[in-house]
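Engineer: Once you've had a glance at the structure underneath, I'll fire off some questions.
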Amino acid sequence: MVAGDASGDIYGAELARKLKAMVPGVELAGAGGAFMAAAGVDIISDLGRLSAVGIIESAARLPAAAREFRRLAQVMTCLNPDCLVLIDFPGFNFRLAGLARRRGIKTVYFICPTVWAWGRGRAKVIARCVDRALLIFPFEEEIYREAGANAEFIGHPILDVMGAPLGRAKAREVLGLDQAGPVVALLPGSRIQEVRLLWPLMLEASRAVLREIPGITFIWPVAPGLPASVAAMSGPMVRTYSGHARECLEACDVAVVASGTATLEAAVLNTPMVIVYKVSPLTWMMARRLVKVPYVGLPNILAGREIVPELLQGKATVDRLSRWILQLFRDAGARNQVKEDLRKATGRLGHKGAIERAARVIAEVASHG
């Protein structure tokens, strides 16, 4: 099993638990983080430090990525596994898939690359190198099958890991927040690079909102894995929590969220939000030429239109962000419309059980290896 970022580690851990329950005596090894290790995976490599935002930023990690690839390739040769399970992390996992194909190792790709965003050529690579492609968005199936991949939509694993909603009152109780006061959740990302780029914007916009709505509370669920010093960036105005992202998203009235998996979590919880994102100027210029979708926010991609505002790169300013936060606070009709749009969009994610369905496919492939 090979996962390379925080969400992949979480999904990989749940997948490991399902496989252990389904296939007694199964041995699991690979790359992941603390969650997969706790689920009983023998962690050979932690690829989390290789995860970067942007094309240029990723280039600096290429030597380290090459070393980790050689290590995993050597382990794969020694273990000769019945099945290689790849979880997202396409730049790295594409190479592993090709190596596994050359060595005759069966491969299942769980959470396949977003070919609809980066071009359909990736789907053809998957078709050549992967035995089964497990998709988490319904509109991906046609693209992958047209490329010749053995692909199926299994639903999104976020529905499995989130569980039942707590409700606003319970979430506020857990976080020690006033039940009636206005609350904004700030989620600047799970990578330190993201936080450094987005936190100053979120903090200054929060100060502007506070001048308009005295007594408003700002909360920041600091992502697991970030250095302890990161929380000190909040200052006295923002209440920080170690983790508790889900509770913060349920407790708040409005969220400001870095583009990524957290936007989908907020959408599932029907939380009105503003999506923000920044990368280096050179990365932005290159990405605009490569990315093939009109939106970057997953809720908007699911809906096929902009149902929540996206403030990207040059548009991610203190003035724009503070105005959007204030508008969502002051216009109950707009908040309710966003909630309804999010409910419809996330209805396309399928039903719970995606991770169990993935485990069954993996067990089947491994047993026929």
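Engineer: Filtering the stretch 268-281 down to residues that are in contact with a strand residue (DSSP E or B) (Cβ under 8 Å, 6 or more places away or on another chain) and not in a loop (DSSP other than H, G, I, E, B), which residue is surrounded by the fewest Cβ atoms within 10 Å (Cβ to Cβ)? Step through it out loud before you land on a result.
Structural biologist: First, pick out the residues of the stretch 268-281 that are in contact with a strand residue (DSSP E or B) (Cβ under 8 Å, 6 or more places away or on another chain): 271-278.
If we keep only those that are not in a loop (DSSP other than H, G, I, E, B) too, we end up with 273-277.
Values: Met273: 28, Val274: 26, Ile275: 27, Val276: 30, Tyr277: 24.
Per the criteria, the residue is Tyr277.
Engineer: Just a yes or no: is a residue in the stretch 258-266 in a loop (DSSP other than H, G, I, E, B), in the same structural domain as Lys339 (by TED's automatic domain parsing), in contact (Cβ under 8 Å) with a residue 24 or more places away in the chain and out of contact with any strand residue (DSSP E or B) (no Cβ under 7 Å at 6 or more places or on another chain)?
Structural biologist: yes
Engineer: If you don't mind, there's one more thing I want to ask. Please go through the stretch 39-85 and give me each residue that is hydrophobic (A, V, I, L, M, F, W, C), at pLDDT below 80, surrounded by 14 or more Cβ atoms within 10 Å (Cβ to Cβ) and part of a loop (DSSP other than H, G, I, E, B), ordered by number.
Structural biologist: Matches in the stretch 39-85: Ala52, Val53.
Engineer: Consider the stretch 201-228. How many of its residues are small (Gly, Ala, Ser) and either part of a loop (DSSP other than H, G, I, E, B) or within 23 Å of the chain's Cα centre (by Cα) (or both)?
Structural biologist: Residues in the stretch 201-228 being small (Gly, Ala, Ser) and either part of a loop (DSSP other than H, G, I, E, B) or within 23 Å of the chain's Cα centre (by Cα) (or both): 4 in total.
Engineer: Pairs needed: first member in the stretch 133-156, farther than 13 Å from Ala123 by Cα; second member anywhere, among the hydrophobic types (A, V, I, L, M, F, W, C) and part of a loop (DSSP other than H, G, I, E, B); C-beta distance under 6 Å; at least 6 residues apart or different chains.
Structural biologist: The qualifying pairs are Ile136/Ile111; His156/Ile136.
Engineer: Let me ask something else. Could you please tell me which pairs satisfy a Cβ distance under 7 Å, a separation of 6+ or placement on different chains, a first residue in the stretch 336-350 that is aliphatic (A, V, I, L, M), and a second residue that is in a helix (DSSP H, G or I)?
Structural biologist: Close Cβ pairs (under 7 Å, with a partner that is in a helix (DSSP H, G or I)) amount to Leu342/Ala267; Leu342/Pro299; Ala345/Ala267; Ala345/Pro299; Ala345/Leu302; Ala345/Ala303; Leu349/Leu159.
Engineer: Out of all the residues in the stretch 318-332, is one or more farther than 21 Å from Arg207 by Cβ, modelled with pLDDT of 95 or more and in contact with a strand residue (DSSP E or B) (Cβ under 6 Å, 6 or more places away or on another chain)?
Structural biologist: So far as the stretch 318-332 goes, no, none of its residues is farther than 21 Å from Arg207 by Cβ, modelled with pLDDT of 95 or more and in contact with a strand residue (DSSP E or B) (Cβ under 6 Å, 6 or more places away or on another chain).
The values are calculated or read from the model by the stated rules, or taken from the named source; none is laboratory data. Predicted model, so just to flag it, every value in this text is computed and none were measured. Counting neighbours? That spans all protein chains shown, and the Cβs are built from the backbone with ideal geometry, glycine included.
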